[in-house]
Amino acid sequence: MTWGPIFAGRRYAVVGLGRNGLPAAQALAAMGADVAVWDDRGSPTGFPAHDPALGYAGFDALVLSPGIPHTHPAPHPAAAAARAAGIPILSDAELLFQAVRAAGSRARFVGITGTNGKSTTTALLHHILQQAGQEAGYESAAGGNLGPAALALPLLSDAGVYVLEMSSYMLERLTTLRFDAAALLNVSPDHLDRHGGLEGYVAAKRHVFDRQGPNDTAVLGIDDPVCAGLAREMPHAVTVSGHAPGLDLSDAPTLPGPHNAQNAAAAAALARALGVSDAAIASGLRSFPGLPHRQARIATRGGIAFIDDSKATNADAAARALACYPRLVWIAGGQAKAGGIESLAPLFPRIAHALLIGRDAPMLAATLEAAAVPHTIVHTLEAAVPEAATLARRLEAPTVLLSPACASFDQFSGFEARGERFSRLVHALHQTSEQAA
């Protein structure tokens, strides 16, 4: 199926030409729309530039990239100008839904959100649908906050399913999108500056269930206090837990720990809502290859496993990884989130030694010092990896875990770059050891 000129006669402004914005502008233009763009770093894209200072009278909508604030901590000038003109501020996921319906397709939409686990759950559900589709004819595409931008996804037929990872930023910019099945996995404090506090953040996450009707499916994790409270307000929701007996993940090596048990349970519940059989779900769980930088085993040498969990950009995410390994050398640090790593104290006995990198290493060191956890500030991954290997051998800790509990932007372009650097350093370490032998 092809899109065609379904947005002919419409006029859109796109602000922010990064991973979401530029694909959105290109897709809207391909659908016949008149598109103008703006980026604070310049707009060398072939599209006409439209300065937000000129206002947005005459536009149908403003497409604002997720990373650009429209309310807190202060609205971007483009958002303020759009409000003054009375035009909606949309995410590209909203426009994908509008485009699919305008093209005449009744493809279903699944939305997955949560502070942690949404990427794994999105990829896992997509994998299950792909595996099931080989026999039952399911057609699926996955993207949004993970993988391709929403408007970069293809037009699917009525039998298709869009599996969208939805960030809190994206969920705040929906007006008509209704998810046939939606999941909220968990909520812990994150992005509070962008939502005016925890209450605003929770409200943003709850938008994943907006406009759902009695024939739609809501899936809710109940392993954290916030979502457990929401479950009492949503008695119709399917609840999932990583601590309840259910799925057999003994043959699913890429889904370790109770947090992944919850991710798998959510993916299974969503798949069942879409009509996938339990046998196909079990097959998909077994064959899931996992995602990069989410407890990815980089190498095992001399009985020591090197694990890349760079995606753990907050303490709650790091807790999920730490809980999987009884004794380890931990590499952590970067730009700490609110609360630092104090919430990880129950897991500190598992840490044989911590190696701290990045801007807020001293803050993390103070927390570990107060808990009498052995630690060293090493500043960089280049220093941390060989030291971790040495400590793991000496302290008989079978795991070296990069699970930073911090954002990466003080030293890297993102968690992906941090994980890739770790992987290169681990492989270089082993190559050096082999040459020395």
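Observations on the model:
- You can think of it this way: the chain between Gln335 and His236 has 31.7 nm of extra reach, that is 0.36 nm per residue less the Cα-Cα gap.
- Percent accessible area from carbon and sulfur atoms, segment 136-293, protein chains only, probe 1.4 Å: 55 percent
- Mean projected area in nm² (Cα convex hull; one quarter of hull surface) for segment 28-68: 3.5 nm²
- When the chain is described by a simple charge dipole with +1 on each Lys and Arg Cβ and -1 on each Asp and Glu Cβ, the residue from Ala366, Gly160, Ala49 located farthest towards its positive end is Gly160.
- Burial ranking of peptide ranges 59-72, 14-27 (average Cβ count within 10 Å, highest at the top): 14-27, 59-72
- Segment 298-365: radius of gyration over Cα atoms, expressed as a fraction of 2.2 N^0.38 Å: 1.09
- Using C-alpha pairs below 8 Å separated by at least 6 residues, the relative contact order for the chain is 11 percent.
- Computed [θ] at 222 nm, deg cm²/dmol, the chain (DSSP H ≥ 4; -39,500 (n - 2.57); rounded to nearest 500): -11000 deg cm²/dmol
- Only Lys, Arg (+1) and Asp, Glu (-1) charged, at Cβ; the chain dipole about Cα centre in debye: 140 debye
- Percent antiparallel among DSSP beta bridges (both partners in the chain, rounded to 5): 10 percent
- A simple charge model with +1 on the Cβ of Lys and Arg, -1 on the Cβ of Asp and Glu and nothing else charged puts the dipole of segment 278-437 at about 280 debye relative to its Cα centre.
- When the convex hull of its Cα atoms is projected in every direction, mean area for segment 380-420 (nm²): 3.1 nm²
- If R0 equals 25 Å, the separation of the Cβ atoms of Thr380 and Ala305 corresponds to a calculated FRET efficiency of about 0.70.
- Probe 1.4 Å, accessible area per residue of the chain, Å²: 40 Å²
- Each of Glu342 and Ala372 was given a label point 7 Å from its Cα along the Cα-to-Cβ line. The distance between the two points is 2.1 nm.
- DSSP-defined beta bridges in segment 119-233 - what % are antiparallel, rounded to 5: 0 percent
- For the listed peptides 417-429, 245-257, 313-325, a ranking on the average number of other beta carbons within 10 Å per residue, highest first, reads 313-325, 417-429, 245-257.
- About the Cα centre, charge dipole magnitude for segment 100-226 (Lys/Arg +1, Asp/Glu -1 at Cβ), debye: 340 debye
- Long-range Cα-Cα pairs in segment 181-264 (distance over 23 Å), rounded percent: 29 percent
- Rolling a 1.4 Å probe over the protein heavy atoms leaves Tyr12 with an accessible area of roughly 10 Å².
- With R₀ fixed at 41 Å, the C-beta to C-beta distance from Arg178 to Arg394 puts the FRET efficiency at about 0.15.
- Isotropic mean projected area of the C-alpha convex hull, the chain (nm²): 22.4 nm²
- Over segment 341-417: Kirkwood hydrodynamic radius from C-alpha pairwise inverse distances, Å: 13.0 Å
- Compactness index (Cα Rg / 2.2 N^0.38 Å), segment 264-383: 1.29
- Distance histogram for segment 226-287 (every C-alpha pair counted, 10 angstrom bins, percent rounded to whole numbers): 21, 50, 24, 4
- On full extension, the segment bounded by Asp158 and Asp410 gains 86.2 nm, given 0.36 nm per residue less the C-alpha separation.
- Comparing Phe422, Phe288, Met170 along the charge dipole axis of the chain, the residue lying farthest to the positive side is Phe288, per the Cβ-charge model.
- Amide N proximity, segment 84-114 versus Gln130 label position 7 Å along Cα-to-Cβ, cut-off under 20 Å: 108-113
The values are calculated or read from the model by the stated rules, or taken from the named source; none is laboratory data. As the structure is a prediction and not an experimental result, all values here were calculated from the model. Cβ: placed from backbone, ideal geometry, glycine included. Neighbour counts: every protein chain shown. Protein only, heavy atoms only, side chains kept; ligands, DNA and RNA dropped before computing areas. Shrake-Rupley method; radii C 1.70, N 1.55, O 1.52, S 1.80 Å.
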